[in-house]
Amino acid sequence: MSEAHLTSAAATGHGHHRGFPAADFNEEHRVQVGMACFICSEAAFFSTLIVAYITYLGKDTIGPTPAEVLRWPLVIAGTIALVSSSFTVHWANSALRQGDLSAFRRWLAATILLGIAFLAGTAAEWRDLIVEHGLTIGTNLFGTTYFTLVGFHALHVTVGVIVLTLMLALSAKRFVSQQHQVGFEVVSWYWHLVDSVWLVVFTVVYVIGR
Amino acid sequence: MAVLDHPAENVSPPVAQRAPSWATTLDHKQIGILYIITSLIFMAVGGLEALIIRAQLWVPDSHLVGPDMFNQLFTMHGTTMVFFVVMPMLFGFGNYLIPLMIGARDMAFPRLNAFSYWMFAFGGTLTYLSFLAGGAPNVGWFAYAPLTEYAFSRDHSTDYWILGLMVSGIGTTATAVNLVTTILVMRAPGMSLARVPLFVWMMMFDGVLLIFALPPFTAAAIMLLLDRGLGAHFFDTQAGGSALLWQHLFWFFGHPEVYIMALPAFGIISEVVPVFSRKVIFGYESVAAATVVIGVISMGVWAHHMFTVGMSDALDAIFSGASFLIAVPTGIKMFNWIATIYGGKIRMQSPMLFAVGFLAMFLIGGLTGIMLAAVPIDWQVSDSYFVVGHFHYVLFGGSLFAIMAAYYFWFPKMTGRLLSERLARWHFWLMLAGFNLTFFPMHIAGLLGMPRRIYTYSADRGWTIWNQLSTVGAMLLAVSFLFFFWNLFVSWRRGESSGDDPWDAWTLEWATTSPPAHYNFEEIPIVRSRRPLWDLKHPEDPDWEHE
């Protein structure tokens, strides 16, 4: 976009005037651009936590190690729930764009339930790690990096669930209509971000790290 | 006469009635002024700390403040000047000017804007409250682990440092989001990205840099906080953690931060130099493109702060090469500014005076920077006063000289009054002399082997005379800033009325009244060239016929 304008400016500099190009975005894109910037900053934040996790993989001086305590079934179920929720939130967004408010509320409720299911899985996993295996943030480097990375991801899911629940409550009170579609769309972007971050976390922590 | 605006008479009620409206304001101009005033207060405090540091180093074996207080002073001086003075001052000017320059009524997210300011004000205050709680942060503005781990820093001073910077850092990230969005979305009709003033270009890239560089710092600060508060082991070497990871993460933020403070300064210079040379900027496209190149390279040079920690030779070579490379786009900008001045009808009024001061001082800082980018020289002088001299030439000689140019240039827009030229000249010449007298001898003291951060030295080292020169220079600097503050105060009360466009400038902020009405523009202007106000003033010979 900026390159395109620079080129056109260079062209006009040589005497080929091309009228008056309008601004690159309309004001209705304001929320979208803002959310895109925020998502970039969030990606930089999580990248740092992931770099720290990878840096300390296998550097532990004492156990337990990831292979000894991380269990597949629960996390795979949670991953399926979270990945599915990216689809349901997308369908909720499409329904809102078409003005089908009851379908919007159904898909939104499904998204919230899938998000809560994922958080319940994380809670169960943490209980297992802390109570059964005695792994805390202070036990070793694995505990330190695991609880920080997965904890911050879970915090972001929690914030997402709260926002989506607010939207559902407002929608139930008939406060949400087609004209709020852009607002909901950027919330769905946030949800997709949380989902994408999880896929990286899953790969690093449960596939490579294990 | 305002070209684009016809506001009602400016009747301002007494201060007591206006105070609540300042506390709750969402107007970008008021928030900008709040940023500027708050950062001036922090500047006075940070400058006072520097004076005490210099007083302590006046004679060998001095025990004026002692080692503990000295550590607190240099930590707070660095932290204050970087986070609570230079950055917020630039955001203040950015906040005030960007909507005016791009022909908008406000920033993209006014509430987020107010939130950012209050986070900065609260974060800065929180850091200073540590003085009341037993001791200020004493670990350096870089807070190297493991010194900052609980084992070596048992009081709460480090926690104040982390929390204060995290709070203001969240506000700064929000500012970055706001800046980028405002510049991408809110421009007036016809104002393409190839037509925005260069200050706007550089503030936009500043926002991009912040969006990618600041969150890693926030993450690292959280890691340190978890280490200290919950017994985590990120930077705990005895449990396998790495002190080097802190350095990597800190400088991954800390190096771009140098450019985050420098780019808006470049933007200010790119606005001031053309107006006072009566010429369009030479090579607009190359100045803008160099901004992008500087931004990209600056993200890849952080480890040049770490040549002495023992990385591999290959890494040293890569980071050294990247650091050399950054001199190329910076040199392009210097060339463009000088080419703009060359052959111009130069008016040596106060903003131009400071802009030229910037060019000379920043050049010296850039040259010593190239010296430091050479690994063998860095090994020799790293953590000596040579480095202290170098970065003060870059940050003080660069950013702060440019910011001073901004004060003299835009004060009339903000207040409707001119700053006194006579006081400005006192300020400039005292500042230039004091600055060089303070920081040039530091290079020599450093080459003679004087390390950074020492609270005293013995008389047989041969450093005494250089330290005394620096201390005298610091006093001169302090006097020069008294002229500046006095000028601000006096001119704000009863300065000469400036009119709307005292410098005969060409960008849109001068098309409204001084100070602008709450809504900025009664009618949003239509932009057809890079100098929209020139077009309005000279309908017989508008720029767009030639572009």
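Every residue, every condition in (1) within 18 Å of the chain's Cα centre (by Cα); (2) closer than 24 Å to residue B:258 by Cα; (3) aromatic (Phe, Trp, Tyr), yes or no:
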| position | (1), (2), (3) |
| --- | --- |
| B:405 | yes, yes, no |
| B:409 | yes, yes, yes |
| B:412 | no, no, no |
| B:417 | no, no, no |
| B:420 | no, no, no |
| B:437 | no, yes, no |
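Scanning the stretch B:182-214 for residues that are over 18 Å from the mean Cα position of the chain (by Cα) and more than 9 Å from chain A (Cβ to nearest Cβ) gives B:183, B:196, B:197.
Each row is one residue, and each column tells you yes or no for (1) in a helix (DSSP H, G or I); (2) basic (Lys, Arg); (3) surrounded by fewer than 16 Cβ atoms within 10 Å (Cβ to Cβ).
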| site | (1), (2), (3) |
| --- | --- |
| A:47 | yes, no, no |
| A:50 | yes, no, no |
| A:61 | no, no, yes |
| A:76 | yes, no, yes |
| A:81 | yes, no, no |
| A:84 | yes, no, no |
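Answer with yes or no whether residue B:425 is among the charged types (D, E, K, R) and at negative phi. So residue B:425 fits the description; yes.
Considering only residues in the stretch B:358-376 that are more than 16 Å from the chain's Cα centre (by Cα) and under 26 Å from residue B:410 (Cα atoms), the one that is surrounded by the fewest Cβ atoms within 10 Å (Cβ to Cβ) turns out to be B:360. Step by step: first the residues of the stretch A:99-135, then only those that are in contact (Cβ under 8 Å) with a residue 24 or more places away in the chain and of a type in the set (S, T, N, Q), then the one that is farthest from residue A:172 (Cα to Cα). Which residue is that? It comes out as A:122.
A single entry from B:310, B:240 fulfils the requirement of being free of Cβ contacts under 8 Å to residues at least 12 places away in the same chain, away from every other protein chain (no Cβ under 14 Å) and either surrounded by fewer than 22 Cβ atoms within 10 Å (Cβ to Cβ) or not aliphatic (A, V, I, L, M) (or both): B:310. Within the stretch B:146-158, does at least one residue satisfy the condition of being more than 28 Å from residue B:520 (Cα to Cα), away from chain A (no Cβ under 14 Å), assigned to a helix (DSSP H, G or I) and in contact (Cβ under 8 Å) with a residue 24 or more places away in the chain? Among the residues of the stretch B:146-158, at least one is more than 28 Å from residue B:520 (Cα to Cα), away from chain A (no Cβ under 14 Å), assigned to a helix (DSSP H, G or I) and in contact (Cβ under 8 Å) with a residue 24 or more places away in the chain, which makes the answer yes. Taking residue B:217 and the conditions (1) within 20 Å of the chain's Cα centre (by Cα); (2) more than 7 Å from chain A (Cβ to nearest Cβ); (3) over 21 Å from residue B:247 (Cα atoms), which numbered condition does it fall short on, given that it satisfies the others? Evaluating residue B:217 over (1) within 20 Å of the chain's Cα centre (by Cα); (2) more than 7 Å from chain A (Cβ to nearest Cβ); (3) over 21 Å from residue B:247 (Cα atoms) leaves (3) as the failure. The residues of the stretch B:221-237 that are within 17 Å of residue B:142 (Cα to Cα), at the interface with chain A (Cβ under 8 Å from one of its Cβ atoms) and surrounded by fewer than 21 Cβ atoms within 10 Å (Cβ to Cβ) amount to a single one, B:222. Counting only residues that are touching a Leu at 6+ places or on another chain (Cβ under 9 Å), crowded, with 20+ Cβ neighbours inside 10 Å and either among the β-branched types (Val, Ile, Thr) or not in a loop (DSSP other than H, G, I, E, B) (or both), the stretch B:98-127 holds 10 of them.
Residues of the stretch B:128-143 being farther than 17 Å from residue B:68 by Cα and buried (at least 16 other Cβ atoms within 10 Å of the Cβ), which ones?
In the first step, residues of the stretch B:128-143 are kept if they are farther than 17 Å from residue B:68 by Cα; the result is B:129, B:142.
Passing the criteria: only B:142.
A single member of B:95, B:138 is in a helix (DSSP H, G or I) and among the polar types (S, T, N, Q), and it is B:95. If you check residue B:169 against the conditions, is it within 12 Å of chain A (Cβ to nearest Cβ), farther than 30 Å from residue B:507 by Cα and more than 25 Å from the chain's Cα centre (by Cα)? Spelling it out, it is not the case that residue B:169 is within 12 Å of chain A (Cβ to nearest Cβ), farther than 30 Å from residue B:507 by Cα and more than 25 Å from the chain's Cα centre (by Cα).
For every residue, the table says whether it meets (1) at pLDDT 95 or above; (2) part of a loop (DSSP other than H, G, I, E, B); (3) under 30 Å from residue B:426 (Cβ atoms).
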| position | (1), (2), (3) |
| --- | --- |
| B:287 | yes, no, no |
| B:300 | no, yes, no |
| B:308 | no, no, no |
| B:320 | yes, no, no |
| B:324 | yes, no, no |
| B:334 | yes, no, yes |
| B:337 | yes, no, yes |
| B:347 | yes, yes, yes |
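Filtering the stretch B:120-145 to residues that are free of Cβ contacts under 8 Å to residues at least 60 places away in the same chain and under 15 Å from residue B:78 (Cβ atoms) leaves B:127, B:130. In this structure, is residue B:423 touching a residue at least 60 places away in the same chain (Cβ under 8 Å), of a type in the set (A, V, I, L, M, F, W, C) and closer than 15 Å to residue B:485 by Cα? For residue B:423, the condition - touching a residue at least 60 places away in the same chain (Cβ under 8 Å), of a type in the set (A, V, I, L, M, F, W, C) and closer than 15 Å to residue B:485 by Cα - is met.
Summed over the stretch A:73-103, the residues that are under 20 Å from the mean Cα position of the chain (by Cα) and either farther than 27 Å from residue A:207 by Cα or within 14 Å of another protein chain (Cβ to nearest Cβ) (or both) give a count of 5. Considering A:70, A:108, the condition of being modelled with pLDDT under 95, more than 9 Å from every other protein chain (Cβ to nearest Cβ) and touching a Leu at 6+ places or on another chain (Cβ under 9 Å) is satisfied by A:70 alone.
The values are calculated or read from the model by the stated rules, or taken from the named source; none is laboratory data. As the structure is a prediction and not an experimental result, all values here were calculated from the model. No Cβ is skipped: glycine too gets one built from the backbone with ideal geometry, and neighbour counts run over all protein chains shown.
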